[in-house]
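Working notes, beginning with the structure itself.
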Amino acid sequence: MMLRLLFRASALLLPVLLPVEMHADEKRVPIIYSTDLYHPPSDPDDHFDTAVLFAMREFDVRCVVLDNGLGRQVEPEVKAEFRHRIGRPPLEQLMHITGRQVKYGPGLPTKLTSATDKGLQQPAENQASIDMMLGELRASEEKVTLFLNGSCRDFAAAFNRDPELFRQKVKAIYCNAGIVVEKGVASQIDYNVELDPVAFFRLFETGVPLYWCSTRPKMSERAPGGPYSTNFWIHEQRIIRAGSLPVQNYFIYCLTGSKEPHLPFLAKEQQKIPTPRGIAGDGGRFIWCTAPFVHAAGRSIYRKGIADFHALQPAEAERLGLAGAKIDLFTFVPASVKTKEPLKSLEIDVKSAAPDSPVQVFHRPVTDTDYRSVMESVLANLAAELGK
Ligand SMILES: [Ca+2]
């Protein structure tokens, strides 16, 4: 058994930190994560995703790129080029809660201009993150998973700087952007795609296995999902209250857009959670990336109670006597993907794709209602796992 290092100087502010214990034979999944995480958030879904990244202890987070592009300011008085610094408080809060130290830095601020653009002309202060990623890949003895939930810019620019390194060291890229259909032409007008269309289309040319996680179609405030969408709806309070007090405060800091010092805030007594926006009559939030994270970690979903579902490593499920209670909620299936109209649309065929296609698309052959309720339970249990 190995005891992992826990405290950083400022961690002394939190009274209830426990050591993170890892078994030497526990599975480790090296991962590099790119997120458009902001404080205050434009959409707090990235706070939920990043919490899941930290909740799964098998993720060996090699570094985090804060994908904070220009033109996305929510605070007009903040100079755009310094916008990335606003992603720092939530990241440091999660490091504090879990006792994990993770390298991070700002990604490139402006869109790639061509498919082979390396982004070398962009500001010097934003170059370090690309170097950090490439350095981690070079130093890694194992293949590394890349996971993004914002723009595709930094992964595409890193690929353009060293394609061979990607082919040797990247296990797969999880891309949470764009729109998948079973067969036909799909317009890729989607939030994360439009942050950097050149970069998004470039990821289909890397030759690296691409786990393509569609945000849509059929997503609307009243009709989320569809079988190729990772999207589901949560009752926000249920997820937040499942966590420890510091975890609850992490979310409350986000939802209130607090300007208080971010680490002492975690030690506050129980607080009111701001009322979520009322949509579809029940209030809450759309979440996208939980199932892709479960897949990237190598976990599966198991039923523990009538409405209690957990994402577990198979060995852990075995230990808990749940191995027979695995449910097949989602999978990835090969897809044939060709550019139909450059930077606009893709021609997709899931039905007749070769089994060894480098592109695999997320697919869930269950109803929206089943998927929603299972994933909400899974996410609540992950919130409870965070920092434990
Ligand atoms: Ca995002």
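Just so you know, all these numbers are worked out from the coordinates, no wet-lab data involved. Just so you know, these numbers come straight off a predicted model, no measurement behind them. Cβ: placed from backbone, ideal geometry, glycine included. Neighbour counts: every protein chain shown.
Zone of D308 (label point 7 Å along Cα→Cβ, backbone N under 17 Å): which residues in region 365-380? Those under the cut-off are 374-380. Each residue, S258 and T113, gets one label point 7 Å from its Cα in the Cβ direction; the gap between the two is 4.3 nm.
Sorted ascending by nearby beta carbons within 10 Å, beginning with the fewest, T35, T110, T215 become T110, T215, T35. In the chain, a dipole from Cβ-located charges (positive for Lys and Arg, negative for Asp and Glu) runs towards its positive end, and of V359, L322, T206 it is L322 whose Cα lies farthest in that direction.
Exposed loop GluC sites (Glu not before Pro) only (DSSP loop, at most 12 other Cβ atoms within 10 Å): please give the longest stretch of the chain free of them, not including the sites.
Numbers: sites that count: E77, E141, E142, E221, E269.
Excluding the exposed sites themselves, the longest stretch runs over 270-388.
Note on R372, R28: ascending count of other Cβ atoms within 10 Å places them as R28, R372, the fewest first. Is the C-alpha gyration tensor of region 264-378 telling us rounded, prolate or oblate? Criteria: a/c under 1.5 is rounded; beyond that, a/b larger than b/c is prolate, otherwise oblate. Oblate shape, in that a/c is at least 1.5 and b/c is the bigger or equal ratio. Partner lysines whose Cα lies under 28 Å from the Cα of K111, excluding those fewer than 8 positions away in the same chain, are identified as K79, K103, K143, K169, K171, K218, K338, K340, K344. Each of G305, F159, V64 was placed along the dipole of the chain (beta-carbon charges, centred on the mean Cα), and the one lying farthest toward the positive end is G305.
I need the shape label for region 133-244. Rule: rounded when a/c is under 1.5, else prolate if a/b > b/c, else oblate, with a, b, c from the alpha carbon gyration tensor. Here region 133-244 falls in the oblate category. Over the residues of the chain, the helix contribution to mean residue ellipticity at 222 nm works out to -8000 deg cm²/dmol, using -39500 (n - 2.57) for each DSSP H run of at least 4. State whether the chain is rounded, prolate or oblate according to the following rule on the C-alpha gyration tensor (a ≥ b ≥ c being the square roots of its eigenvalues): a/c under 1.5 gives rounded; otherwise a/b larger than b/c gives prolate, and the remaining case gives oblate. Rounded shape, in that the Cα axes give a/c under 1.5.
The stretch between E26 and I273, if pulled fully straight at 0.36 nm per residue, gains 85.4 nm over its current Cα-Cα span.
Starting with the fewest neighbours, write out M375, M56 ranked by other beta-carbon atoms found within 10 Å of each beta-carbon. Don't skip to the end; give the middle numbers.
Details: M375 25, M56 21.
If I rank by nearby Cβ atoms, fewest first, I get M56, M375.
Subtracting the Cα-Cα distance of E194 and R161 from their residue separation scaled by 0.36 nm leaves 9.6 nm.
Compute the length gained on full extension between A139 and E205: take 0.36 nm times their separation in residues and subtract their Cα-Cα distance, giving the result in nm to one decimal. Walk me through the numbers on the way to the answer.
Working: separation 66, 0.36 × 66 = 23.76 nm, distance 2.43 nm.
Computed gain between A139 and E205 is 21.3 nm.
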